[in-house]
Structures are given as C-alpha cells and as structure tokens.
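K.L.:
Provided herewith is a single structure, encoded as structure tokens, for subsequent inquiry.
The values are calculated or read from the model by the stated rules, or taken from the named source; none is laboratory data. Keep in mind the model is a prediction, meaning the values are calculated, not measured. Cβ placement follows ideal geometry from the backbone for every residue including glycine, while neighbour counts extend to all protein chains displayed.
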Amino acid sequence: MNLGCLGCLGLIMTILVVGVVAGAFVLLSGNVLEIPDVKAPELSRSDGHSAQQKLFEIVSRQAGRSSRRDPVVLTEREINSFLAYHLADSARIPLDPIITRLTRGSFEVQGKTVLRNLVQAAPLAQLMSYLPTARLDAPVWVTVRGTVAVEPASSGSRRMVARVRFNSLTLGKQPLSASLLTLLLGRTGSRLTEFPVPSNVDSIQIEDGRAIVRTR
C-alpha cells in the first residue's frame, strides 16, 4: 500500500471517528431528551379523507380523467389528519404523534420517536449497541424546518420531484445543524429530501396554514 492510499485511509478513518463522536455527543446530550413546547393539532378522519381525495384529484388530472385545472389546496388540518390516519405505518422514521405546521414559504414537522430510530447510518448504527438499551429506547422529540420546491429529477428530465431542503434540526430542546440528519440517518436521510410527484404538478406553494398545489 503506497503513502497515498495510507493518507486516504487515514482521512476516511478520521471522518468516521468525528462522525461517531458527533453522533454520541448528540445522543448523550441532556437537552436531547427534554420535551419542547408541543401543541397537538386537531385531527379527524373526515379531514384525512378530504386530503386523500384531493391527492387523488391530482393523479386523475395526470391520467386525463379530470379536466380541472384549479389549484388544489390542502389545509394544515387535512395534512395532519392524513399523516395520522393514512401514513403512520409507512413512514421511514416512525413518529407518533406527527405534527405539521405551515407558514409562508416554509414548513415544520415535529414528532416523537425513540433515539435508536434516528441512527441508521453505518458505522454509527453498529456502534449504538455499545450504548445502554434504556438510552436508545428513550423517547425524543424531533423538530425539522425547511422548504420544498418542485423540480425536474435531473437536467432535461420530464420526471418531477419535490425537493426538500432542511434549514434546521432540533432534538428535544437541543438545536443542531440540519446536516446532522443525513449523518445520522444515512440513506434514509437522503430519501427524505426528494419525493416523486406526478408529472403534471407545476409547483407547491406553502402559505400560512395551507399548501397550494398547481398543476399543468
């Protein structure tokens, strides 16, 4: 092995050690397990069904089964109810409850999970076995804030995706860099930043208390 390879190996090991230390610091920080101010939203199955029907309308337009072109407006209450009643078991990170708040230009998602669900990236996930089980199973509140934009999946592509850009991350009452989310979650974190959307979706605009989906 030449010196260049040794240098690369040393750099990789340094990055891994820094990642492990950062992850351990986050998990052992006292503020992580503190409960933030949480206001549970009002939920109803009828609101969840309404959101489901509006999403189906978007798909129907793409398939040519609907000629409507008016904006599809999803209220904050409809979104929260849809997430609670229809997506609770399919989330990549199980959050219960899960709370969404919409303010002009940005969103906030808040939810409760256990610490072990937040560590999915290698080698951090393997090293978590050295932490006390009680610590890993401790409940923690996750709060992320960010923006979303509809863009082509790649240059010249007709496939559209909703790209999420996280601006902040808080675990419990501990503010952290949003980039730490990808470090802890690995591939799961990367998948949280891009979602496929029907090709007829032109934009998603977030206003106070609602999201407006415009189609072509």
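K.L.:
If you check V164, V150, which single one turns out to be touching a Ser or Thr at 6+ places or on another chain (Cβ under 6 Å) and within 17 Å of L95 (Cβ to Cβ)?
P.N.:
Working: V150 fails: within 17 Å of L95 (Cβ to Cβ).
After ruling out the rest, the residue left standing is V164.
K.L.:
Which condition number does V26 fail, the rest of (1) crowded, with 16+ Cβ neighbours inside 10 Å; (2) part of a helix (DSSP H, G or I); (3) of a type outside the set (G, A, S); (4) at pLDDT 90 or above being met?
P.N.:
Just one mismatch for V26, condition (4).
A quick yes/no check of all residues on (1) surrounded by fewer than 13 Cβ atoms within 10 Å (Cβ to Cβ); (2) modelled with pLDDT of 90 or more:
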position: R116; (1), (2): no, no
position: L127; (1), (2): no, no
position: V142; (1), (2): no, yes
position: V148; (1), (2): no, yes
position: F166; (1), (2): no, yes
position: L185; (1), (2): no, no
position: I204; (1), (2): no, yes
position: D208; (1), (2): yes, yes
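K.L.:
Can you find a residue that is under 22 Å from F166 (Cβ atoms) and at pLDDT 95 or above anywhere in the range 54-77? Talk me through it step by step, then tell me what you get.
P.N.:
Going residue by residue through the range 54-77, those that are under 22 Å from F166 (Cβ atoms) are 74, 76.
Next, only the ones that are at pLDDT 95 or above stay: 74, 76.
Checked against the condition, which is being under 22 Å from F166 (Cβ atoms) and at pLDDT 95 or above, the range 54-77 yields at least one hit.
K.L.:
Filter the range 94-112 down to residues that are modelled with pLDDT of 95 or more and part of a loop (DSSP other than H, G, I, E, B), then give me how many there are.
P.N.:
Here the count works out to 2.
K.L.:
From S179, S203, grab the single residue that is polar (S, T, N, Q) and within 30 Å of I35 (Cβ to Cβ). Steps first, please.
P.N.:
Values: S203 fails: within 30 Å of I35 (Cβ to Cβ).
Just a single option satisfies the conditions, and that option is S179.
K.L.:
Further, regarding this structure: For the range 175-216, please list each of the strands (runs of 3 or more DSSP E) lying entirely inside it that holds at least 1 residues being touching a Gly at 6+ places or on another chain (Cβ under 8 Å). First the steps, then the outcome.
P.N.:
Working: elements: 194-197, 201-207, 210-215.
Because the criterion is at least 1 residues that are touching a Gly at 6+ places or on another chain (Cβ under 8 Å), the strands (runs of 3 or more DSSP E) in the range 175-216 that meet it are 201-207.
K.L.:
Among the residues of the range 142-183, what is the count of those that are under 29 Å from V213 (Cα atoms) and either in contact with a helix residue (DSSP H, G or I) (Cβ under 6 Å, 6 or more places away or on another chain) or hydrophobic (A, V, I, L, M, F, W, C) (or both)? Walk me through how you get there before you give the answer.
P.N.:
Our first condition is that a residue be under 29 Å from V213 (Cα atoms); within the range 142-183, this holds for 142-170, 178-179, 181-182.
With the extra rule that they be either in contact with a helix residue (DSSP H, G or I) (Cβ under 6 Å, 6 or more places away or on another chain) or hydrophobic (A, V, I, L, M, F, W, C) (or both), the set shrinks to 142, 144, 148-150, 153, 160-162, 164, 166, 169, 178, 181-182.
Residues meeting the conditions: 15.
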